[in-house]
Amino acid sequence: MNTDAPIGIFDSGIGGLTVAGAIQALMPDEQLIYFGDTAHFPYGEKSPEAIRNYSLRISAFLLHKGCKAILIACNSASSVAYTQVKKYVGNKALVVNVIDPICQYAATHYHQTRIGVIGTRATIKSEVYIKRIKKLNPALEVPSMATPLLAPMIEEGFFNHTISQTVIHSYLSGKHFQNLSALILGCTHYPLIKKEIREYYKKEVEIIDSANIVAHHLHRKLAENKLLHSGNQKTAHRFFVSDYTRSFEKSSHLFFGSAIHLVEEKLFH
Ligand code: DGL
C-alpha cells in the first residue's frame, strides 16, 4: 500500500468531522477524503441492514479513491457494520472503527464505578458499548441511554444554544443516569455539545469523546502497519456529501476553514 495515499473517513453527516479535525491536528501531513452520507441522515433511526448497505457502498467509493485506511467515523455504523466493512475491504486498506478505542480507554481508566453511554437508537440498541466494556472490565456498570434528538439538533446547527441546553438537561437528568464517574459520548456529533454537557455536570463527570482518542488510535494503527505518510507534498483534503446541505457546508468550515470545496456525489442513484 502507498503511504502517501489518503485516509478515507465517513459518517452520516457532520459528526465525523469532529474526528477528522482531530486527525488533521495530530497528523497534518495526511490527506483526508471525507464522505458525509447526508442523503441518509440520521443513521441512528435506520435498520442495521440499511446502515450496512450504506457503509459498504461508501467503503467501495473510498477504496476506488485509493484510500490506504477507512475510518468509520460514526458510532451507529461502527456498531452494526464494522465486521462487514472489514470483511469487504480485506487487505486492500486498514479499517478502523470509533468504538473499540473508547471502550479500551474507559475500561482501563476506570474501576468499580459507573460510566454512562449516550448515543443514537441504533448504537444503544446494539449494546456494543456495554458488551465490549464489560468484557474488558466486568466490574464497571454501564448505564446507557438513546438520545435521538441530539444528532439532528446538532446537524441543524443548534449547539451553544438555549435549545441544546434544554434538550441536554432533559435527557441527562433521567433517574437511572445519576452518580456517574464518566460519560461516553457514543456519537461523533456530540463533541460539538461537549462544552454544554460538561457545564451541565459542573465539570464533576469526565466527558469522554471519540475525537482525540480515535485520532491517536488511528495514528498507532497506521504506524504499526507502516502506513504513516512519508511527509512529502501533502495533497488537499476532499469532501463529498450524498446530498448537499447548507448546514454541512457551514459546519465543515468550523473544522477546516472556508477554503473547502464540497462535492455532491450521488452515490446511491
Ligand atoms: N454521527 C453518528 C454516530 O456517531 C450519528 C448520527 C446519525 O444518527 O446519523 O452514530
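We did not get these values from a lab; they are worked out from the coordinates using the rules stated. Nothing here was measured: the structure is a model prediction, and the numbers come from that model. Every residue, glycine as well, gets a Cβ built from its backbone with ideal geometry; the counts of neighbours run over all protein chains shown.
See the values below:
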{"read-out": "Members of the range 232-269 found to be assigned to a loop (DSSP other than H, G, I, E, B), of a type outside the set (S, T, N, Q) and surrounded by 12 or more Cβ atoms within 10 Å (Cβ to Cβ), listed by number", "value": "K234, H237, D243, Y244, I260, E265, L267, F268"}
{"read-out": "Scope the range 1-34; condition in a loop (DSSP other than H, G, I, E, B), of a type in the set (S, T, N, Q) and within 14 Å of the ligand (Cβ to nearest atom); matching residues", "value": "S12"}
{"read-out": "Selection within the range 43-70 - more than 15 Å from G90 (Cα to Cα), polar (S, T, N, Q) and more than 13 Å from the ligand (Cβ to nearest atom)", "value": "N53"}
{"read-out": "Residue among V205, V214 that alone is farther than 15 Å from I23 by Cβ, surrounded by 11 or more Cβ atoms within 10 Å (Cβ to Cβ), in contact with a strand residue (DSSP E or B) (Cβ under 9 Å, 6 or more places away or on another chain) and of a type in the set (V, I, T)", "value": "V205"}
{"read-out": "Residue pairs meeting the criteria (Cβ under 9 Å; at least 6 apart or on separate chains; first free of Cβ contacts under 8 Å to residues at least 60 places away in the same chain and over 16 Å from F158 (Cα atoms), in the range 245-269; second surrounded by 14 or more Cβ atoms within 10 Å (Cβ to Cβ) and of a type in the set (K, R))", "value": "I260/R238; H261/R238; V263/R238"}
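Residue-by-condition table, conditions (1) surrounded by fewer than 18 Cβ atoms within 10 Å (Cβ to Cβ); (2) aromatic (F, W, Y); (3) free of Cβ contacts under 8 Å to residues at least 60 places away in the same chain:
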| site | (1), (2), (3) |
| --- | --- |
| V117 | no, no, no |
| K131 | yes, no, yes |
| G157 | yes, no, no |
| Q165 | yes, no, yes |
